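The values are calculated or read from the model by the stated rules, or taken from the named source; none is laboratory data. Every value quoted in this text rests on a predicted model; they were computed, and no experiment measured them. Here Cβ is always computed from backbone atoms with ideal geometry, including for glycine, and neighbour counts include all displayed protein chains.
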Number of protein chains: 4
Amino acid sequence: MMSKLTIDAARTIIRETLAKAHDMGLKPMSVIVLDAGGHPLAFEREDGAAPGRYAIAEGKAYGAVMLGMPGSAQMARAEAQHYFMTAANGAFGGKVVPVPGGVILRGDDGEILGGVGVTGDTSDNDAEAALAGIAAAGLKGDA
Amino acid sequence: MMSKLTIDAARTIIRETLAKAHDMGLKPMSVIVLDAGGHPLAFEREDGAAPGRYAIAEGKAYGAVMLGMPGSAQMARAEAQHYFMTAANGAFGGKVVPVPGGVILRGDDGEILGGVGVTGDTSDNDAEAALAGIAAAGLKGDA
Amino acid sequence: MMSKLTIDAARTIIRETLAKAHDMGLKPMSVIVLDAGGHPLAFEREDGAAPGRYAIAEGKAYGAVMLGMPGSAQMARAEAQHYFMTAANGAFGGKVVPVPGGVILRGDDGEILGGVGVTGDTSDNDAEAALAGIAAAGLKGDA
Amino acid sequence: MMSKLTIDAARTIIRETLAKAHDMGLKPMSVIVLDAGGHPLAFEREDGAAPGRYAIAEGKAYGAVMLGMPGSAQMARAEAQHYFMTAANGAFGGKVVPVPGGVILRGDDGEILGGVGVTGDTSDNDAEAALAGIAAAGLKGDA
């Protein structure tokens, strides 16, 4: 059992997420890996990605970790009850971006090890690349 | 007559809210008790609850105390007039989460003694657990 | 080995820190326990403590966890190089209070499990009570 | 002539800065590379580094890029005129950490390509490791 996310795992997730994005022919991507407390372990932004992509990647991953809800569930909640996600975002200093591409990282027992945030293409493509990267690192992703 | 909330009452509210949540089979819960000024008296987050649950619990209780409106009334207002709750939230630094689970604590004469915020399961289940905890402390809850 | 701080350990730390403070005849106290990500697990503020004590307790514990430096080391750095601690505080949203009473919680292997923040009396008395509470929970404190 | 920092160069800087830190026997390190607009290109935090090290690393690099002053010059200014650096920091949202370890990245003609922020050991050791990583990437560092 892996009880704490390591920098080696984070590097693998980023490398393999980008490799998958290249295979899929996606636009330039940005990928962040946060620990179980929502704090950055590793980040990369590819050449050609817009300068603000750090904040979007972080916001996707941060919401997933802090709320314990993946991006798809946050988006569903935002569509059903937008004022709740707006308010939750205020409570987190505006750092939550509630769309797919924010993925919860889980260990063997389902415990939350951290989160991954991917941005650059459509939200669904972002999430697909993230899940491939997470699987390549031997972890479970909840997108 | 009880004119001011005590730490002993706050402890009872938290313990009994969690006991009720366990009886109901709810997810891991977080419970906060605020005083009449909206300031924290006591808080607990159960094992397995997401790390951001403090801010959600506080936001539910804070809105109840500061606006003098329980979570259900805040939600009704948000649904009828979302820009009002968004604006009110701006005025309160983004700390208000306008959904059930934010409960006003009242004394014998109806005076506001503080607020309770509960989060972890559905908003309605959160509120039901809070009311049980408040009743067990001999106080009145306005959910 | 305890790899993650539990709510039961947090409750013990708070109860025993307050018991020690009572034995020492200290003023009304506030105690917070944060997890390894700097997020609140449990908090209590005793009757008679000022309403702003949550933020002071959190600020002491938050700096300890986020910087990996106990309150005494933060204070020494602030006295030697005040602009560094001012800047670090800006980087953490103003949430760091760099004085004794902010204690790092460590496990058997020295890993950081979280932090404790105590406020109410002199900073040195705050730290002494915290260390007693931490020891009673079978953990190591770095004050 | 290299007119824009690439993600490949950023990866090399991080890898070689960490290699140098290992050679020097430093504590667990965190390294960020910002582009010429002060926006993150890549970041890594080693196992054992405190969770708040992202903000410190970013603050060192951000000040270097945004002010066009390396960390050592910022520290000298802070010691001579602390209110200036405090005010500058206010203007930059509190994101500047004015100590060594914040290094300006320059191209062949002296143009600013970005910045590197390193934190984990003493500020001087942080800067030494950064300069080695930058040199390994074939760039010039102004520490």
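If the condition is being closer than 13 Å to residue D:59 by Cα and among the small types (Gly, Ala, Ser), then region D:88-113 contributes D:88, D:90, D:93, D:94, D:101, D:102.
Pairing residues of region A:4-33 that are under 12 Å from residue A:118 (Cα atoms) with residues that are among the acidic types (Asp, Glu) and in a helix (DSSP H, G or I), at Cβ distances under 6 Å and at least 6 apart in sequence or on separate chains, gives A:32/A:58. Residue selection: residue D:85 satisfies the criterion of being in a helix (DSSP H, G or I), aliphatic (A, V, I, L, M) and within 9 Å of chain C (Cβ to nearest Cβ). Restricting to region C:88-116, what's the tally of residues that are assigned to a helix (DSSP H, G or I) and of a type in the set (Lys, Arg)? The number of residues fulfilling the criteria is 0. Comparison of A:94, A:107, A:90, A:120 shows that the only residue that is in contact with a helix residue (DSSP H, G or I) (Cβ under 9 Å, 6 or more places away or on another chain) and more than 9 Å from chain B (Cβ to nearest Cβ) is A:120.
Within region B:57-100, the set of residues being among the basic types (Lys, Arg) and either within 18 Å of residue A:80 (Cα to Cα) or crowded, with 22+ Cβ neighbours inside 10 Å (or both) comprises B:60, B:77. Listed by position, the helices (runs of 4 or more DSSP H) enclosed by region B:1-81 that each have at least 3 residues that are facing another protein chain (nearest Cβ under 7 Å) are B:53-67. Restricting C:73, C:80, C:88, C:42 to those that are in contact with a Phe, Trp or Tyr (Cβ under 9 Å, 6 or more places away or on another chain) and either on the phi < 0 side of the Ramachandran plot or modelled with pLDDT of 95 or more (or both) reduces the list to C:42.
When the test is whether a residue is on the phi > 0 side of the Ramachandran plot and of a type outside the set (A, V, I, L, M, F, W, C), residue D:25 passes it. Scanning region A:116-136 turns up no residue that is under 14 Å from residue A:38 (Cα atoms) and surrounded by fewer than 20 Cβ atoms within 10 Å (Cβ to Cβ).
Within region A:45-54, the set of residues being farther than 18 Å from residue A:97 by Cα and either of a type in the set (Phe, Trp, Tyr) or touching a residue at least 24 places away in the same chain (Cβ under 8 Å) (or both) comprises A:46 only.
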